[in-house]
Amino acid sequence: MSWKQQERVASDPTRLKALLFPWIAKEAQVKPQARREITRNPANELSASFQILTNQASSPKLRAAIFKLLADIPGVRPIGTVHDLKGRTGIALAARGTTLGGADGVFDYQLILDPKTHRILGDQRVVVRAGDLYPGMRPGTVVERSAIQGPDWTNEAPHPG
């Protein structure tokens, strides 16, 4: 999206939700008995924000609107200090999710932020209940994580590889 498009989306909560959570619009078109409520868990919504905030340059207005939206999602909660994949100390927002396909697992998805700038450092999934997807794993085991090296603005041309 262009900067101007981002500013418009940030000003329109309905369009912002459609950008972050496209499955909500699709779900509305499906018969209630066919809906998969599993897609509407807070972990998936928090994870979707990670994808938008890290895969493209975002205007400050768009980032602020996304964080405001996340604050209003039931089940998204601050959990304090955690360490990311690179060992950096951050603060995290977490949301509970369940594994797909009847695997009976429960995990916390964590969005890790720099405590000073609130830039995203990374994300991770932490086992709450192992179920069939995470057999033998204890609660607290990190099963998936990623780190963001440091997206930032620059006025320099890309360096040749």
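The values are calculated or read from the model by the stated rules, or taken from the named source; none is laboratory data. In this text, all values refer to a predicted model and were calculated from it rather than measured experimentally. When we count neighbours, we look across all protein chains shown, and the Cβ atoms used for this are built from the backbone with ideal geometry, even at glycine. The area values use the complete protein model at the heavy-atom level, side chains included, leaving out ligands, DNA and RNA. Shrake-Rupley method; radii C 1.70, N 1.55, O 1.52, S 1.80 Å.
From the list Glu27, Glu7, Glu37, which residue is modelled with pLDDT under 85, open to solvent by less than 30 Å² (accessible area, probe 1.4 Å) and either of a type in the set (Asp, Glu) or farther than 26 Å from Arg125 by Cα (or both)?
Details: Glu7 fails: open to solvent by less than 30 Å² (accessible area, probe 1.4 Å); Glu37 fails: open to solvent by less than 30 Å² (accessible area, probe 1.4 Å).
Only one candidate passes the filter, namely Glu27.
Suppose the filter is among the charged types (D, E, K, R), out of contact with any His (no Cβ under 6 Å at 6 or more places or on another chain), open to solvent by 10 Å² or more (accessible area, probe 1.4 Å) and at pLDDT below 85; does Asp72 pass it? Outline the logic, then answer.
Working: among the charged types (D, E, K, R): yes; out of contact with any His (no Cβ under 6 Å at 6 or more places or on another chain): yes; open to solvent by 10 Å² or more (accessible area, probe 1.4 Å): yes; at pLDDT below 85: no.
Considered against the rule, which asks whether it is among the charged types (D, E, K, R), out of contact with any His (no Cβ under 6 Å at 6 or more places or on another chain), open to solvent by 10 Å² or more (accessible area, probe 1.4 Å) and at pLDDT below 85, Asp72 comes out as no.
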